[in-house]
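The values are calculated or read from the model by the stated rules, or taken from the named source; none is laboratory data. As the structure is a prediction and not an experimental result, all values here were calculated from the model. Please note: Cβ atoms are built from the backbone with ideal geometry, for glycine as well, and neighbour counts cover all protein chains shown. Side chains included, ligands, DNA and RNA excluded: accessible areas come from the protein's heavy atoms. Shrake-Rupley method; radii C 1.70, N 1.55, O 1.52, S 1.80 Å.
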Amino acid sequence: MTDNEDGSFSSILYGEPESSEERYDPLENMPEFEEAFSAANSFAFKKAIPYKGKLGCIHVFWNEKKQFLRENYKIDWKTPAELNTNTIYD
């Protein structure tokens, strides 16, 4: 995972595809789940901060997000890594 110039995490944290060919879970764009994904992103971001800039940080973020959504909202979200098996993220 790379940092933006302003020190924030890259947009990939929020499920925005890096290219038009990258797949992402369509649940992220469903209005009825907007609150759930917002809460999950905030939670996972805080959990991933200690790993910022380290190899594998994005996987920490995605795993925390996935677990949060499953436990708190019963949402079975698929990470970009799960949906883009031919892409290496780190």
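Considering only the range 20-36, how many residues are without any contact (Cβ under 8 Å) to a residue 40 or more places away in the chain and either assigned to a loop (DSSP other than H, G, I, E, B) or aromatic (Phe, Trp, Tyr) (or both)?
3
Tally up the residues in the range 57-78 that are open to solvent by less than 10 Å² (accessible area, probe 1.4 Å) and not aliphatic (A, V, I, L, M), please.
Here the count works out to 5.
Among the residues of the range 79-90, which ones are open to solvent by 80 Å² or more (accessible area, probe 1.4 Å), more than 14 Å from Glu28 (Cβ to Cβ) and of a type outside the set (A, V, I, L, M, F, W, C)?
Matches in the range 79-90: Thr85, Asn86, Asp90.
If I ask for residues that are of a type outside the set (Phe, Trp, Tyr), assigned to a helix (DSSP H, G or I) and open to solvent by less than 80 Å² (accessible area, probe 1.4 Å), which ones from the range 42-56 would you list?
Matches in the range 42-56: Ser42, Ala44, Ala48.
Looking only at the range 1-19, which residues are surrounded by 14 or more Cβ atoms within 10 Å (Cβ to Cβ) and either in a helix (DSSP H, G or I) or modelled with pLDDT of 90 or more (or both)?
Scanning the range 1-19 gives Ile12, Leu13, Tyr14.
Any idea how many residues of the range 38-61 are touching an Asp or Glu at 6+ places or on another chain (Cβ under 9 Å) and closer than 14 Å to Leu27 by Cβ?
Of the residues in that region, 1 qualify.
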